[in-house]
1. Mean residue ellipticity at 222 nm from the helices of the chain, using -39,500 (n - 2.57) per DSSP H segment of n ≥ 4 over the full residue count, to the nearest 500 deg cm²/dmol?
2. Considering only the other residues whose Cβ falls under 11 Å of the Cβ of Thr77, what net charge follows from Lys and Arg at +1 and Asp and Glu at -1?
3. Go ahead and run the numbers for FRET between Asn75 and Lys32, Cβ-Cβ distance against an R0 of 25 Å, rounding to 0.05.
4. Considering only lysines 8 or more places apart in sequence, or on different chains, count the pairs in region 2-97 whose C-alpha atoms sit under 21 Å apart.
5. Quick check: residue separation of Lys67 and Ala98 times 0.36 nm, minus the Cα distance between them. What number comes out in nm?
6. Restricting things to Cα coordinates, could you compute the convex hull volume per residue of the chain in Å³?
7. Amide H of Leu82: which non-local residues (sequence gap of 5 or more, or other chain) have their own amide H closer than 5 Å, using H built in the peptide plane?
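Each reported figure results from applying straightforward, stated rules to the coordinates on display, with no laboratory input. No experiment lies behind these values; they were computed from the predicted model shown. All Cβ positions, glycine included, derive from the backbone under ideal geometry; neighbour counts span all protein chains shown.
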Amino acid sequence: MAQLDGKRLLACCANGAGSSLMMENAIKKVLKKYDIKPGELRHCAVSEGKSAARNYDVVFCARTFVKNFEDVTKNGTVLIPLKNVMSDKEIEAGLKEAGLLD
């Protein structure tokens, strides 16, 4: 769990208002469950996230937006694509699959 402490996390959706905010809340639920304290957690639109993502350790987005973030994974940013952006269970599973949760 400590591998996410102090890390910068970004949640991206189409417009940066509704679903990314709900995604952020679902991420917070997972972080609280594991007592993880990130350095930063914020949400934004994909258009902003494309350029901002390189400054984050982990980026969450809907599967439909994965192509927008392929470049940042080359620099070590972990991309967590989600089918249901409001599912804390899917977020938790994605973090485990990425090796960021035990």
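1. -10500 deg cm²/dmol
2. +1
3. 0.30
4. Final tally of qualifying lysine pairs is 29.
5. Fully extending the segment from Lys67 to Ala98 adds 9.4 nm.
6. Per-residue hull volume (Cα only) is 80 Å³.
7. Cys61, Ala62, Arg63
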